[in-house]
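The values are calculated or read from the model by the stated rules, or taken from the named source; none is laboratory data. None of these values were measured; they are calculated from a predicted model. All Cβ positions, even for glycine, are placed from backbone atoms using ideal geometry, and neighbour counts span all protein chains on display.
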Amino acid sequence: MPDIEQKIKEAAGAMDNLAKFKKRTKLQASYVEYDKFADSNLHEGYFCYNCIYWVNASGGKCMLVDENGPDVRGKTSDVIAPHGCCTAYEANYDKLHDTRTPSASVPVDTEKNKEKVTTADVV
Ligand code: SF4
């Protein structure tokens, strides 16, 4: 029985934490959305599309940032657009890839794109 009690306490704690979590506004997250990037190759660069927090289900949402309200440029779109970005960006290395043709690019080790680079790697 103590096992079940422990599991119930853990589940109740998780629900409590979930209820306390409040998403950031677009302004708090410094979210920005430029229409000129809407047709960009979203597999490259800093876009919500490549961010681990972006959820495409039901039209562009983010686990951290509320889709309602204005962005830092005053634009209100009521979605977290795939071509948007904010300061909480965290790369999803399974989505990022180099799409240049072999002749247009230097040889690139695409597996290296999946390695997380930190400031400790910068000399
Ligand atoms: S870049 Fe910011 S707004 Fe976009 S999905 Fe990631 S955390 Fe959300």
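Scanning the stretch 22-54 for residues that are surrounded by 14 or more Cβ atoms within 10 Å (Cβ to Cβ), outside any loop (DSSP other than H, G, I, E, B), free of Cβ contacts under 8 Å to residues at least 60 places away in the same chain and not aromatic (Phe, Trp, Tyr) returns VAL32, GLU33, CYS48, ASN50, CYS51.
Using the structure shown, decide if GLY69 is under 20 Å from SER30 (Cα atoms) and modelled with pLDDT of 95 or more. So GLY69 passes the test.
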